[in-house]
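Below: the structure, in C-alpha cells.
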Amino acid sequence: MFEAKALHFILLDLACLVLGGLPLAVFSLGQIQPYQRGFFCDDDSIRYPFRDSTITTSVLTVVGLALPIACMIFGECLWVYLKRIKPKSCLGSCYVARLYRTVGTFVFGAAMSQSLTDISKYSIGRLRPHFLDVCKPDWNLIDCTAGRYVEDYTCSGNARLVHEGRLSFYSGHSSFSMYSMLFLALYLQARLQYGWARLLRPTIQFVLIAVSVYTGLSRVSDHKHHPTDVAIGFLQGALMAILVVCFVSDFFEKRVEPQKEVDDIPDTTLHSIV
C-alpha cells in the first residue's frame, strides 16, 4: 500500500513534467518549420554579420542545469541534517524526499519555461539580426521597390542556419538563464538564513543575476537577437521562476516545531513568552 501510493504520486508528477515539456520536445525533435516571415529590403536590423555565440547552447544548458541542481543537492542534504527533518512524504527517506521535491520543481519549471519560449519562437518567426547574412537570397530575383515587403524569396545559405535565423523572438538564452539563476537566488534566500550570511547571500545572488544578464546581453552583441528579444526573455524567465518558487515549491513555508519540544519548556518560560 505504501509503495503503491508513492508510485502513484511519482507517476502523476512525471506525467505533469512530460506535459510541461511536450512543446519543447515537439519543436526540438520534430521537423516543424517556424513561421515564414518576410522582410523589407531596407530593414537594416537584419543585415548584421553572422558571429559565433559567446555563450554556446551547450554551455548554457550544462551550467544552467548543473549549477542549480548541484547547489540544491548540497543545500537540501545539509538542511535535512541540521534541522533533523523527519520524512512526511511517502518516499521514506528525508534526503530522497527533499531532493525529489526541490530538484523536481526546478526541472518542471525549466521545462515549462523553455516550452513557452519555443512556442513563441515558432509561432512568430521573427528574423534574427544576422538573417540576411545566413539566408543569402538572390537579390536579382527580388523586387526591392521602395517600401516593398518581400515574401517571395529563396534562401541559398545553410539550411540549419536559415532555420535558426527565423527563431529570434524571444531569446531562449535570456529566458533560461534568468529562470535558472533567479530560481537558485530565491532558493538561497530561503535556505541561507544565517547571521554570518547577511552580506554573503545578496552577494551570491547578485553574481547569479549578473551572469544571467551578461548571457542575455551577449546575444545582442553576437547579433543573435534584437534587444527586445532579450528583454522579453528576461521577463518571461523571471516570472516563471517567481511563480514556480511561490506556488509550486515549499521553500518559504514555515515549519511547525514538534509539539513535544514545546512541552519540554518550563511553564514559567511559556508564561514569559506569552
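Report the residue count in the stretch 155-171 for those that are touching a helix residue (DSSP H, G or I) at 6+ places or on another chain (Cβ under 7 Å) and not in a loop (DSSP other than H, G, I, E, B).
Going through the stretch 155-171 one residue at a time, the tally reaches 3.
Would you check if Val150 is over 20 Å from Lys224 (Cβ atoms) and hydrophobic (A, V, I, L, M, F, W, C)? Please lay out each step first, then the result.
Working: over 20 Å from Lys224 (Cβ atoms): yes; hydrophobic (A, V, I, L, M, F, W, C): yes.
So Val150 passes the test.
Which pairs have Cβ atoms under 7 Å, sit 6 or more apart or on different chains, and link a residue in the stretch 35-60 that is in contact (Cβ under 8 Å) with a residue 12 or more places away in the chain and closer than 17 Å to Cys155 by Cα to one that is small (Gly, Ala, Ser) and surrounded by 15 or more Cβ atoms within 10 Å (Cβ to Cβ)?
Once the first residue is in contact (Cβ under 8 Å) with a residue 12 or more places away in the chain and closer than 17 Å to Cys155 by Cα and sits in the stretch 35-60, its partners that are small (Gly, Ala, Ser) and surrounded by 15 or more Cβ atoms within 10 Å (Cβ to Cβ) give Tyr35/Gly125; Gln36/Gly125; Arg37/Gly125.
Quick one: how many residues across the stretch 38-74 are within 27 Å of Leu116 (Cβ to Cβ), part of a helix (DSSP H, G or I) and within 24 Å of the chain's Cα centre (by Cα)?
Residues that pass the stated criteria total 17.
Residues checked against (1) within 30 Å of Pro34 (Cα to Cα); (2) not in a helix (DSSP H, G or I):
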residue	(1), (2)
His173	yes, no
Leu184	no, no
Val245	no, no
Ser249	no, yes
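What number of residues in the stretch 14-32 are part of a loop (DSSP other than H, G, I, E, B) and in contact (Cβ under 8 Å) with a residue 40 or more places away in the chain?
Selection size over the stretch 14-32: 1.
From the list Tyr35, Tyr81, which residue is aromatic (Phe, Trp, Tyr), farther than 24 Å from Gly109 by Cβ, in a helix (DSSP H, G or I) and out of contact with any Pro (no Cβ under 8 Å at 6 or more places or on another chain)?
Criteria check complete, one pass: Tyr81.
Here is a list of conditions, (1) in contact with a Leu (Cβ under 9 Å, 6 or more places away or on another chain); (2) modelled with pLDDT of 90 or more; (3) not in a helix (DSSP H, G or I), and Asp152 meets all of them except one; can you say which number that is?
Only one criterion is unmet by Asp152, namely (2).
The values are calculated or read from the model by the stated rules, or taken from the named source; none is laboratory data. What you are looking at is a predicted structure, and each value in this text was computed from that prediction instead of being measured. Here the Cβ is made from the backbone with ideal geometry for all residues, glycine too, and neighbour counts use every protein chain on show.
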